[in-house]
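K.L.:
Let me give you the structure first, and then I'll get to my questions.
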Amino acid sequence: MSRRVFFVRVADRPGVLYKITSIFRRRNFNIESVAVGSTGAPDESTIIITLDLNDEEADTFARMLRRIIDVYSVEEHPDNGCVIAEPAIIRADAISDELKAKYSLNELMPGYYAYMGDPSKLENLIKELGDNRIKNIIRGGLTAMVMG
Amino acid sequence: MEKTTGARALVKALEMEGVGVIFGIPGGATLPFYDALKDGNIRHILARHEQSAAHMADGYARASGKVGVCTATSGPGATNLLTGIATAYMDSSPVVAITGQVAKAFIGKDAFQEIDTVGVFTPVVKYAFQPLSAAEIPPTIKKAFYIASTGRQGPVLVDVPKDVQTEKADVEYPTSVTIKGYEPYVRPDPAAIKEAAKQIIQAQRPIMLVGGGAVKAGVGPLVLELAEMLMMPIASTLMGKGAVPEDHFLSVGPIGMHGTYHANKLVTESDLVIGVGVRFSDRTTMDVGEFEKEKVIVHLDIDPTEIKKNVKNVVPVIGDLSESMKGIINEIKEMMPFVKDSPWWRRLKELKEQYDGKVFGDAFSPYIVKKIRELLGPEDIVTTEVGQAQAWAEIFYKALRPRTFITSGGLGTMGFGFPAAIGAKVARFSANVVDIAGDGSFLMTSNSLATSVKEGIPVIVVILNNSVLGMIAQWQRLVYNNRLVAAWLGESPSFPDLAKAYGAEGVRVNGLEDFERAFKEALKSEVTYVIDVPISPDENVFPFVPAGKGLREMMT
């Protein structure tokens, strides 16, 4: 098993995400993250899926994705070949300037902080703040770009 | 460009696709469509249940190779249609289903007879459309037929809201179609063909395994050419029956849970399997690990998703079957001379002489099936229900032409055979069409008798009537310690009386000679003819490979 990132170019049309998530459901693939974004191309979206799969499962998953008519292309990359970022909004008691600087936090409103960056660094931040200081957190899922 | 209603545009678009017949039942959400049908040139055949309408369209498609069309209203009409569409999907049959939908303003509001049809059908169709304006209808129909009939074929849904049917708009009818992200024609990779050919000539005991894809692609002659070059047996899956004539000297019939003894034996002994348009389903391979053991598997298929899905260790050739077969034949021609004799060929001959058509045990049903074969011409069509009758037909009915053996292989839908026979008869009216049925399956869609009588579509139904859900009883006897539960159907109804109540003919026969007489009568009949053949409830279908076992563990 290893973490893989799939970049799936799809038609920007209702129902496409349903077809893709149906694959996870039916084959019982455990997804880590799904992010949908536009790439600037008209009528087209890119879905970035991060999940742990072995080689055989990854191959199957890619074939099943390609079979969907609304899927234009599928690229699979190991996570170490990608630049990966994750956004999050954290509601917390006043965070020190030192911590804000360390994690490049942006205070959107008093007590609400935005994070954007390396997902493992986000994990560190959560640890450092601790459960009793975090009142609420929303993680936005991984977004990624292939390097090079 | 013309100004017209969505419903009229729908009818015209269907006519432009060459549609001559639609199977369906009207309902509130399809009234505008039916109103437009009245002015068109399409024959409408009224089913008595939407499931049957879908099976009729499917039977039509399988017999003709053309797209079959069915229609139902929203809500319960659509959900009733679902089983038939799922059946078509599992067997890759080109069907276009047109459903009515409530008006756009009511969608998502739990309106009367509203269901999320697109959501419900998406997992069992190749594509689902919902045009939201009248102008979208002609291009949608064009795409629907293109998707259904190209590449790996399959059903397509077109769900049309009622107000889209009544809306007037300027519409144009496209003459060509391209769909971004959909490239149905795949040219096989020459390197893959070379590798496949290399593996094939190295094999000592190769066997061909032809599937439903070989029937659809019409590659029977190429399969024969390759098999004759190497003098290797040609086995089939249930769906592959008829791809090559089963009376050919190299044909050994189907393998699988209810394969022939010699085909299962030969595939077990082989060192290389050439799968042509097959998906290596669990009913075909049985224990798949056992199946793959000590074998090279060359897998030819148009659908890349099938490669390594069930059997893992394969030499794949992905693409158009005809191109792939031609490529392999050409490679082999250059590399090796024709085989005239080999120990493998002698083994095939020996097993075939011993087991071809052999009846294990004291079952009577096989003799009925063989008699049907004897009395029908090569172009005539057999459909089957699902269960013991289907398994008897699989083993003992030799299909001699593609598209003459029509059965629900993937979904295994009881009630398929009779409406599919009606659809097949509409497609090829000059052929005799016979449904090999069991008493359990036939009752599921026997109300299609009304359709066959009223619309003048005579078919023959042979009911192997054992008063039980035969396959259930067989499993309960052989696998569940003889504990019979809920398998007993009893002797109700009287099938001849049932047939007559609908205006069809029906007769109960006693023994093989009586059956032959009745069948010859049926062949002359101008109405649907039901032949009720009493069978012992204790008959088992043999050979039988219980689920979870390998093909070598046949019960006989």
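K.L.:
Take segment B:1-48 and flag every residue that is aliphatic (A, V, I, L, M), assigned to a loop (DSSP other than H, G, I, E, B) and at pLDDT 95 or above.
P.N.:
Hits for segment B:1-48 are B:Val19, B:Ile25, B:Ile42, B:Ala47.
K.L.:
Which of the strands (runs of 3 or more DSSP E) contained wholly in segment A:26-101 include at least 2 residues that are under 23 Å from B:Glu306 (Cα atoms), at pLDDT below 90 and more than 14 Å from every other protein chain (Cβ to nearest Cβ)?
P.N.:
On the way: elements: A:31-38, A:44-53, A:71-78, A:82-92.
Filter on segment A:26-101 gives A:44-53.
K.L.:
May I pose another question? Counting only residues that are of a type in the set (D, E, K, R), free of Cβ contacts under 8 Å to residues at least 60 places away in the same chain and in contact with a Phe, Trp or Tyr (Cβ under 8 Å, 6 or more places away or on another chain), how many does segment B:111-168 have? Talk me through it step by step, then tell me what you get.
P.N.:
Of the residues in segment B:111-168, the ones of a type in the set (D, E, K, R) are B:114, B:116, B:126, B:136, B:142-143, B:152, B:159, B:162-163, B:167-168.
Of the ones still in play, those that are also free of Cβ contacts under 8 Å to residues at least 60 places away in the same chain are B:114, B:116, B:126, B:136, B:143.
Adding the requirement that they be in contact with a Phe, Trp or Tyr (Cβ under 8 Å, 6 or more places away or on another chain) leaves B:114, B:126, B:143.
Qualifying residue count for the region: 3.
K.L.:
State all residues of segment A:56-75 that are touching a Leu at 6+ places or on another chain (Cβ under 9 Å) and in contact (Cβ under 8 Å) with a residue 60 or more places away in the chain; if no residue qualifies, say none.
P.N.:
A:Val71, A:Val74
K.L.:
Has segment B:319-332 got any residue that is within 14 Å of chain A (Cβ to nearest Cβ), among the hydrophobic types (A, V, I, L, M, F, W, C), under 26 Å from the mean Cα position of the chain (by Cα) and buried (at least 19 other Cβ atoms within 10 Å of the Cβ)?
P.N.:
No, that holds for no residue.
K.L.:
Here is a follow-up. Between a residue in segment B:423-435 that is assigned by TED's automatic domain parsing to the domain that holds B:Ile457 and within 9 Å of B:Pro458 (Cα to Cα) and any residue that is of a type in the set (S, T, N, Q) and open to solvent by less than 10 Å² (accessible area, probe 1.4 Å), which pairs come within a Cβ distance under 9 Å, given they are 6 or more apart or on different chains?
P.N.:
B:Lys425/B:Ser452; B:Val433/B:Thr383
K.L.:
Quick check on this structure: which one of B:Val186, B:Val171 is within 14 Å of chain A (Cβ to nearest Cβ) and touching a residue at least 40 places away in the same chain (Cβ under 8 Å)? Can you show your working first?
P.N.:
Numbers: B:Val171 fails: within 14 Å of chain A (Cβ to nearest Cβ).
After applying the criteria, what remains is B:Val186.
K.L.:
Then there is this: Quick one: A:Glu56 ticks every box in (1) open to solvent by 80 Å² or more (accessible area, probe 1.4 Å); (2) in contact with a helix residue (DSSP H, G or I) (Cβ under 9 Å, 6 or more places away or on another chain) except a single one, so which number is it?
P.N.:
Looking at each condition in turn, A:Glu56 falls short on (2).
K.L.:
Read through the list (1) farther than 27 Å from B:Gly119 by Cα; (2) in contact (Cβ under 8 Å) with a residue 12 or more places away in the chain; (3) open to solvent by 40 Å² or more (accessible area, probe 1.4 Å), then give the number of the only condition that B:Ala191 fails.
P.N.:
(2)
K.L.:
Filter segment B:290-303 for residues that are in a helix (DSSP H, G or I) and in contact (Cβ under 8 Å) with a residue 40 or more places away in the chain; which is farthest from the other protein chains (Cβ to nearest Cβ)? Show your work before the answer.
P.N.:
The first filter runs over segment B:290-303 and keeps only residues in a helix (DSSP H, G or I), leaving B:290-292.
Right, trim to in contact (Cβ under 8 Å) with a residue 40 or more places away in the chain and you get B:290-291.
Working: B:Glu290: 19, B:Phe291: 18 Å.
Ranking the qualifying residues of segment B:290-303, first place goes to B:Glu290.
K.L.:
Can you tell me which residue within segment B:102-130, out of those that are in a loop (DSSP other than H, G, I, E, B) and within 13 Å of chain A (Cβ to nearest Cβ), is most open to solvent (accessible area, probe 1.4 Å)?
P.N.:
Kept after step one, since they are in a loop (DSSP other than H, G, I, E, B), are these residues of segment B:102-130: B:102-103, B:107-116, B:125-126, B:130.
From what is left, the residues that are within 13 Å of chain A (Cβ to nearest Cβ) are B:107-108, B:116, B:125-126, B:130.
Working: B:Ile107: 60, B:Gly108: 65, B:Asp116: 98, B:Val125: 11, B:Lys126: 50, B:Gln130: 64 Å².
Looking at the filtered set, the residue picked out is B:Asp116.
K.L.:
Out of A:Ile89, A:Ile84, report the one residue that is touching a helix residue (DSSP H, G or I) at 6+ places or on another chain (Cβ under 9 Å), under 17 Å from A:Leu142 (Cβ atoms) and β-branched (Val, Ile, Thr).
P.N.:
Sole residue among the options that is touching a helix residue (DSSP H, G or I) at 6+ places or on another chain (Cβ under 9 Å), under 17 Å from A:Leu142 (Cβ atoms) and β-branched (Val, Ile, Thr): A:Ile84.
K.L.:
Go through (1) free of Cβ contacts under 8 Å to residues at least 24 places away in the same chain; (2) under 23 Å from B:Gly212 (Cβ atoms); (3) out of contact with any strand residue (DSSP E or B) (no Cβ under 9 Å at 6 or more places or on another chain) one by one and return the number of the condition B:Ile307 breaks.
P.N.:
(3)
K.L.:
Separate question: Does A:Ala144 fit the bill of being under 27 Å from A:Phe6 (Cα atoms), in a strand (DSSP E or B), in contact with a helix residue (DSSP H, G or I) (Cβ under 9 Å, 6 or more places away or on another chain) and at pLDDT below 90? Steps first, answer last, please.
P.N.:
Values: under 27 Å from A:Phe6 (Cα atoms): yes; in a strand (DSSP E or B): yes; in contact with a helix residue (DSSP H, G or I) (Cβ under 9 Å, 6 or more places away or on another chain): yes; at pLDDT below 90: yes.
So A:Ala144 fits the description; yes.
The values are calculated or read from the model by the stated rules, or taken from the named source; none is laboratory data. Only a predicted model underlies this, so the values are computations on that prediction, with no experimental measurement involved. Positions of Cβ are backbone-derived with ideal geometry, glycine not excepted, and every protein chain shown enters the neighbour counts. The protein model used for the area step is the full one, side chains on, heavy atoms only, and it has no ligands, DNA or RNA in it. Shrake-Rupley method; radii C 1.70, N 1.55, O 1.52, S 1.80 Å.
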